[in-house]
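Q: My questions all concern the structure below.
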Amino acid sequence: MLVGIDLGTTNSLVAVWRKGQAQLVPNALGQVLTPSVVGLDDQGQVVVGEVARERLQTHPHLTCALFKRHMGSTWQGRLGDRTFRPEELSALVLRSLREDVERAFGEPVTEAVISVPAYFSDAQRKATRVAGELAGLKVERLINEPTAAALAYGLEQKSATTFLVFDLGGGTFDVSILELFDGVMEVRASAGDNFLGGEDFDSALVKHVLAHCPELATWHAESGEGVQRLSREAQRVRHALGQHEEVPFRFVMGRQEGSIVIDTQRFQQIAEPLIKRLRAPLDRALHDARLKVGDLDEIVLVGGATRMPLARKLVVSLFGRLPLMNINPDEVVAKGAAIQAALKQRDAALEEIVLTDVCPYTLGIETSEQYGRQIDPGHYLPIIERNSVVPLSRTREIVTLHDQQSEVLVRIFQGESRLVKDNILLGELRIAVPPRKAGEVSLSVRFTYDINGVLEAEVTTGITGETRRLVIENNPGVLSKEEIGRRLKSLEALKVHPRDRQVNSLLVARMDRLFQESLGDQRSYVGELAAYFQRELESQDELRIREAHVEITQRLDELERHW
């Protein structure tokens, strides 16, 4: 079975193509959004999703979040006495999504189309593939998130349309421009920022509150507590500002409570540096696509952070029109990934759709420039320019630099900077050349880039015809095949929290969080509810447990409404 997965920074979703449409698959809690959070419970079993997110504040040493931002790097997150790479943590989320589908449809899930930010680097894309492999999935295709969103919207379009997809998620920002004509959806340009999302707006809010309450900043710095609590409150305030003109940012300091009122104008000021960062990728995408604002037919909003009024206000001010939000911005990427999965399976309902994509980064090699007798190394020679339609193959000619040179080292880079020191080294290869005077031996360097982001470099010596090839597979920070095998065995040995107990575990985690957040009578009240539920759990009477669950959930909902 082939599924479409939106592996997000904040939340992840899985969808399947059924009866001519993309269908989202709910998790064990009946929700289609599964928080991209992984943790260990008190028995050392793995918990994924909402249960883990509730424990992020109460058990930060046993919980990890936002690990997607570290994909393709050597970063490691700690859960108790164990460390995990971003690929492993992502694999646990993917495995949970896979199991949700298997339980829903009674079929094994072996293949997936997984979405990635359009601006993910080569190493980040490879790390995402590794995560899929560790989760027991063959990754049939990586699809850029804005492309997936446009694909979902494209099913509803009957005429030629030019889209701009504004994708602001929890941790990344992407913008892509696409054209739909005669059943072909072509990506014209992509740009973005891999470290700009809703979480950054939350961090800006927290920074503002700490700056205006030095006592709070000192207390938290000295106690080491409350980081997750403040982040969670910032997220609540950001969401609430979508419905209210002003919202109190509440905090607890020792046994004292306080609040700072944040209104929409103040939030706009706080977020201004981040808003400026949103503009640059928009300008670059339009420039690369050789389009003006007036050439766009539709603006599509994607990602949960686009619910912020300031994000929509920015779009309206820049493009002079209201954006499309026909499809839930949290769900549209997963649906598009499921459509791509159906295209891979050649579903009859989608025979008319053809999808193209682009290479998001420039790919090139290091060269040297000669000024008289002076040789200046470290210059960047682009071979495949960013936003070139893929698959494609491009060739550039180079010549030897020194007299009697016997070999050439070709170093391959990814990036946009003039000097290679500011770009990312992907790999290198050496090729022998016949010794001649400088400039007499030419070499042909060919780059071939496919739809899945795999780069093949080929260097041919003009005089001898000798060829060397290199497929870029292992980047710094990307696991080797041997290491993948070892980590796969390690993950398989982990004990996973039983799916049928997640509902009860979530309620316990929620009460633990509320107990930590509250003071006085409220804290006592939450403690009494927690003790009551623990007694019902120990009774092992399913009916009593279900009734207590319903009652306590209602009481907690009421408590948080009047918080």
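The values are calculated or read from the model by the stated rules, or taken from the named source; none is laboratory data. Predicted, not measured: the structure shown is a model, and the values here were computed from it. Please note: Cβ atoms are built from the backbone with ideal geometry, for glycine as well, and neighbour counts cover all protein chains shown.
Q: Checking Val139 against (1) farther than 22 Å from Arg232 by Cβ; (2) buried (at least 24 other Cβ atoms within 10 Å of the Cβ); (3) of a type in the set (Val, Ile, Thr), which single condition isn't satisfied?
A: If we test Val139 against (1) farther than 22 Å from Arg232 by Cβ; (2) buried (at least 24 other Cβ atoms within 10 Å of the Cβ); (3) of a type in the set (Val, Ile, Thr), just (2) comes out false.
Q: Condition check: farther than 19 Å from Gln23 by Cβ, among the β-branched types (Val, Ile, Thr), in the same structural domain as Lys335 (by TED's automatic domain parsing) and surrounded by fewer than 21 Cβ atoms within 10 Å (Cβ to Cβ). Does Val165 satisfy that?
A: In short, no.
Q: Using the structure shown, decide if Arg510 is in contact (Cβ under 8 Å) with a residue 12 or more places away in the chain, in a helix (DSSP H, G or I), touching a helix residue (DSSP H, G or I) at 6+ places or on another chain (Cβ under 9 Å) and within 21 Å of Leu40 (Cα to Cα). Spell out the reasoning first.
A: Numbers: in contact (Cβ under 8 Å) with a residue 12 or more places away in the chain: yes; in a helix (DSSP H, G or I): yes; touching a helix residue (DSSP H, G or I) at 6+ places or on another chain (Cβ under 9 Å): yes; within 21 Å of Leu40 (Cα to Cα): yes.
Answer is yes for this residue.
Q: Mind checking which residues of segment 506-535 are closer than 26 Å to Gly30 by Cβ and in contact with a strand residue (DSSP E or B) (Cβ under 7 Å, 6 or more places away or on another chain)?
A: Glu517
Q: Filter segment 33-57 down to residues that are in a loop (DSSP other than H, G, I, E, B) and surrounded by 18 or more Cβ atoms within 10 Å (Cβ to Cβ), then give me how many there are.
A: To start, the set of residues in segment 33-57 that are in a loop (DSSP other than H, G, I, E, B) comprises 33, 36, 41-45, 49.
Still in the running and surrounded by 18 or more Cβ atoms within 10 Å (Cβ to Cβ): 33, 36, 41, 49.
Of the residues in that region, 4 qualify.
Q: Evaluate segment 209-219: report whether one residue or more is in contact with a Leu (Cβ under 7 Å, 6 or more places away or on another chain) and either assigned to a loop (DSSP other than H, G, I, E, B) or modelled with pLDDT under 85 (or both).
A: Yes, some residue in segment 209-219 is in contact with a Leu (Cβ under 7 Å, 6 or more places away or on another chain) and either assigned to a loop (DSSP other than H, G, I, E, B) or modelled with pLDDT under 85 (or both).
Q: Here is a follow-up. List the helices (runs of 4 or more DSSP H) inside segment 58-162, counting only whole elements, that have at least 1 residues being farther than 29 Å from Asn423 by Cβ and of a type in the set (Gly, Ala, Ser). Walk me through how you get there before you give the answer.
A: Details: elements: 86-105, 122-134, 145-154.
Fully inside segment 58-162 and qualifying: 86-105, 145-154.
Q: Looking only at segment 393-412, count how many residues are more than 26 Å from the chain's Cα centre (by Cα) and part of a strand (DSSP E or B).
A: So the answer is 12.
Q: Are any residues in segment 285-325 more than 20 Å from Asn387 (Cβ to Cβ), part of a loop (DSSP other than H, G, I, E, B) and in contact with a strand residue (DSSP E or B) (Cβ under 7 Å, 6 or more places away or on another chain), and if so, which ones?
A: Across segment 285-325, the qualifying residues are Gly303, Arg321, Pro323, Met325.
Q: Output the number of residues of segment 356-380 satisfying the condition of being under 19 Å from Glu458 (Cα atoms) and surrounded by fewer than 15 Cβ atoms within 10 Å (Cβ to Cβ).
A: 0
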